[in-house]
Amino acid sequence: MEVIDADGLILGRLSSVLAKKLLNGAEIAVINSEKAIIIGKKKMIFAKYKKMRELSHARKGPHFPRMPDMIFKRTVRGMIPYQTPRGRKAIKNLKVYLGVPKEFDGKKPETVPVASPESVRQFVQLNDVSRFLGAKV
């Protein structure tokens, strides 16, 4: 199982790399998912995620998550054909954690250099977005 640390990495770029690996059959665990960043102006990002959250019907759905680990998983799911057998298998091979669980304490996590921000000025952590949506993190 591959362990990837999402601390300070760009959410979209990291998700696309993970989606490719998952579709090729890799098993991936992402730690520190709440510390992933989303590039853009704070106001625009909050408006976008608020719109996605309010788009749904309370009983019928689609239901958009509030917790940072679930938002992360939903972002990766959006890049996978999850309604096909291959996609369902791929999404089951992804585990996303808040912080670092005990089972991964000794392991040295990998990083994805493609997803590291070069010279980004404006960004928001996934933790802040989930708090804005009402999560108790």
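Output yes when any residue across segment 63-83 is surrounded by fewer than 17 Cβ atoms within 10 Å (Cβ to Cβ) and touching a strand residue (DSSP E or B) at 6+ places or on another chain (Cβ under 6 Å), and no when none is.
Within segment 63-83, not a single residue is surrounded by fewer than 17 Cβ atoms within 10 Å (Cβ to Cβ) and touching a strand residue (DSSP E or B) at 6+ places or on another chain (Cβ under 6 Å).
Looking at (1) surrounded by fewer than 18 Cβ atoms within 10 Å (Cβ to Cβ); (2) in contact (Cβ under 8 Å) with a residue 40 or more places away in the chain; (3) of a type outside the set (Val, Ile, Thr); (4) closer than 21 Å to residue 38 by Cα, which is the one condition that is false for residue 118?
(2)
Could you list all residues from segment 92-137 that are of a type in the set (Lys, Arg), more than 30 Å from residue 25 (Cβ to Cβ) and assigned to a loop (DSSP other than H, G, I, E, B)?
121, 136
So in segment 15-33, with the set limited to residues that are out of contact with any Ser or Thr (no Cβ under 7 Å at 6 or more places or on another chain) and closer than 13 Å to residue 71 by Cβ, which one is surrounded by the most Cβ atoms within 10 Å (Cβ to Cβ)?
So the residue we want is 33.
Name the residue that is farthest from residue 91 (Cα to Cα), counting only residues in segment 1-14 that are in contact with a Ser or Thr (Cβ under 8 Å, 6 or more places away or on another chain) and not hydrophobic (A, V, I, L, M, F, W, C).
8
Bear in mind that the values in this text are calculations on the coordinates, not laboratory data. The structure displayed is predicted, hence computed values, not measured ones. Here Cβ is always computed from backbone atoms with ideal geometry, including for glycine, and neighbour counts include all displayed protein chains.
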